[in-house]
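Notes to accompany the following structure.
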Amino acid sequence: MRPLRALLLLVALLASSPNRAEILIVTSNRSGPIELTRDQAEKLYLGRSSTFSDGTPASLVDLPNGQVRDEFYLKLTGKNPAQIQAYWSRLVFTGRALPPKEARSLAEARQWLTDTPNLIGYLDRNEPTTGMRILLRLP
């Protein structure tokens with residue numbers, strides 16, 4: 001009976017723990033009037049689209065491998081890191097699309113996102129977004 005009680009306690013603790021951090025999809029304040037839905041963001045980050053809804057070409061940036069990147073893809077696409085890697089490997093191998101440009105660091109990604117119009121990327125909600133406009137929130 002004790003293992004069952006311990007398991008129930010663990011499940012209750014996990015269920016009551018705070019949700020993971022919100023992820024923000026952002027662009028430069030220098031970008032034109034971009035509107036982005038969750039579906040459009042998913043299509044962009046899965047290589048199924050390369051333009052915004054108005055036809056403007058979109059460029060994407062990925063953060064380096066890590067927790068924020070993993071959470072972003074899981075929240076947006078439902079795919080874990082291994083699935084995303086395999087997915088992009090197939091697209092690149094078949095010549096259908098190229099993955100987002102990967103920043104070497106969070107600082108580099110932030111600089112690109114601040115300076116480059118029509119570039120979109122993502123940040124943890126706790127990261128400052130000075131010089132950027134929030135397009136979408138992923139709870």
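The values are calculated or read from the model by the stated rules, or taken from the named source; none is laboratory data. Quick caveat: nothing in here was measured; it's all calculated off a predicted structure. A quick note on method: Cβ atoms are made from the backbone with ideal geometry, for glycine too, and the neighbour counts reach across all protein chains shown. Just so you know, the surface numbers come from the protein's heavy atoms only, side chains and all, with ligands and any DNA or RNA stripped out. Shrake-Rupley method; radii C 1.70, N 1.55, O 1.52, S 1.80 Å.
When the residues of region 1-48 are filtered to those that are of a type in the set (Gly, Ala, Ser) and modelled with pLDDT under 95, the one that is farthest from Arg133 (Cα to Cα) is Ala6. Filtering region 21-49 to residues that are open to solvent by 80 Å² or more (accessible area, probe 1.4 Å) and in contact with a strand residue (DSSP E or B) (Cβ under 8 Å, 6 or more places away or on another chain) leaves Asn29, Glu35, Arg38. For region 82-109, the set of residues classified as surrounded by 15 or more Cβ atoms within 10 Å (Cβ to Cβ) and out of contact with any helix residue (DSSP H, G or I) (no Cβ under 6 Å at 6 or more places or on another chain) consists of Tyr87, Trp88, Leu91, Pro100, Leu106, Ala109, listed by residue number. Among the residues of region 60-95, those identified as out of contact with any Phe, Trp or Tyr (no Cβ under 9 Å at 6 or more places or on another chain) and of a type in the set (S, T, N, Q) are Asn65, Gln67, Gln85, Ser89, Thr94.
Residue count for region 119-128 under the criterion of being open to solvent by less than 60 Å² (accessible area, probe 1.4 Å) and in contact with a Lys or Arg (Cβ under 9 Å, 6 or more places away or on another chain): the result is 5.
Quick one: would you say Gly78 is open to solvent by 20 Å² or more (accessible area, probe 1.4 Å) and either in contact (Cβ under 8 Å) with a residue 60 or more places away in the chain or farther than 27 Å from Asn29 by Cα (or both)? Answer is yes for this residue. Out of Asp115, Asp70, one residue alone is modelled with pLDDT of 95 or more, acidic (Asp, Glu), open to solvent by less than 70 Å² (accessible area, probe 1.4 Å) and within 21 Å of Ile34 (Cα to Cα). It is Asp115.
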